[in-house]
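See structure below.
Please treat every number below as a calculation from the coordinates, not as lab data. Predicted model, so just to flag it, every value in this text is computed and none were measured. Heads up, the Cβs are rebuilt from the backbone with ideal geometry, glycines too, and the neighbour counts pull from every protein chain shown.
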Amino acid sequence: MRYIQKQHPPRLLTEWIQKNKHDINFNYDLLRQDKTAIQSLSEALLKEQYYLCAYTGLRLDNSTFHIEHLKPQEYCERGEDVDYKNLVACYPEPNRPSKLLYGAHKKDNWPSPEEEKDFVSPLNPVCENKFQFTKDGKIKGVDNSANTTIEKLGLNHSELVDLRKSSLKPLLELKRSKASKRLSEINTPSDGKLEDFCFAKKQVLEKQINKLEAIIQSKGRKQT
């Protein structure tokens, strides 16, 4: 999970809220009927997240995501389901015929208000420190809330683990100099987009660089 720093809501969303906030049906379903406002909202979310799924880190494009509510719509007070701070872009596309066993589909209507303390939100500035990734693609939490979030979002589902493992494998074959260059690339958006699983790649590659440096230092000591 990568920290999402929310920006100002898009102008068309703000204007739509001002226009419709007194409507008896003021909610997300009404917003969805305004295709222009939804398009503006979608573009803002993708740009803000550097085209990464808020939960899984999968790469998104204009046709492979839906607008997700961090606080489930079932528990939203009036206006919360159209509040920009409650909205993120997540894989997969809407109206998918079969449900996934990870990510937003697995999360479903979790957490309830009583369970919010157990949810590590991507809006939490320290969320990236809550999870640790291994070179075989697995993820583990550093505390109970992180482990609960992993379980509720299915972040250790075999499909996700395999995808992460495949993306991490080339990094473990790099020499020291190329590893440092690769780390810089991972942290730098290209055309406003970040690589899939960039947060996992960063963690694993930093560990690999430290390992390579230790080997180099050890060889230096032996030579002296």
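Identify the residues of the range 131-145 with backbone N under 20 Å of a label point that sits 7 angstrom from the Cα of SER112 along the Cα-to-Cβ direction, or state none. Hits in the range 131-145 for SER112 at 20 Å: 145. Only helices enter the 222 nm calculation for the chain: every DSSP H run of n ≥ 4 contributes -39,500 (n - 2.57), and dividing by all residues gives -12500 deg cm²/dmol, rounded to 500. Summing Cβ point charges (Lys, Arg +1; Asp, Glu -1) relative to the Cα centre of the chain gives a dipole of roughly 1620 debye. Hey, any idea what Rg/Rh is for the range 94-224, computing Rh the Kirkwood way over Cα pairs? Reported Rg/Rh, Kirkwood definition of Rh: 1.06. Computed from Cα positions, the angle between helix 35-48 and the longest principal axis of the chain comes to roughly 20 degrees.
Note on the range 28-98: along the principal axes its Cα atoms extend 32, 27, 25 Å, ordered by decreasing extent.
Compute the long axis of helix 158-168 from its Cα atoms, compare it with the longest principal axis of the Cα atoms of the chain, and write down the angle in degrees, 0 to 90, nearest 10. That works out to roughly 50 degrees. Going by alpha carbons, how many degrees (0 to 90, nearest 10) lie between the helix axis of 11-20 and the longest principal axis of the chain? The answer is roughly 30 degrees.
Relative to the current alpha-carbon distance between TYR3 and ARG176, full extension at 0.36 nm per residue lengthens the span by 59.5 nm. Putting +1 on Lys and Arg Cβ atoms and -1 on Asp and Glu Cβ atoms, find which of HIS22, CYS127, GLN7 reaches farthest to the positive end of the dipole of the chain. Of the listed residues, the answer is CYS127.
Coupling constants for the range 192-202 follow from the phi torsions by the Karplus curve (6.51 cos²θ - 1.76 cosθ + 1.60, θ = phi - 60°), and in residue order they are x, 10, 9, 5, 4, 6, 4, 5, 6, 4, 4 Hz; glycine and proline get x.
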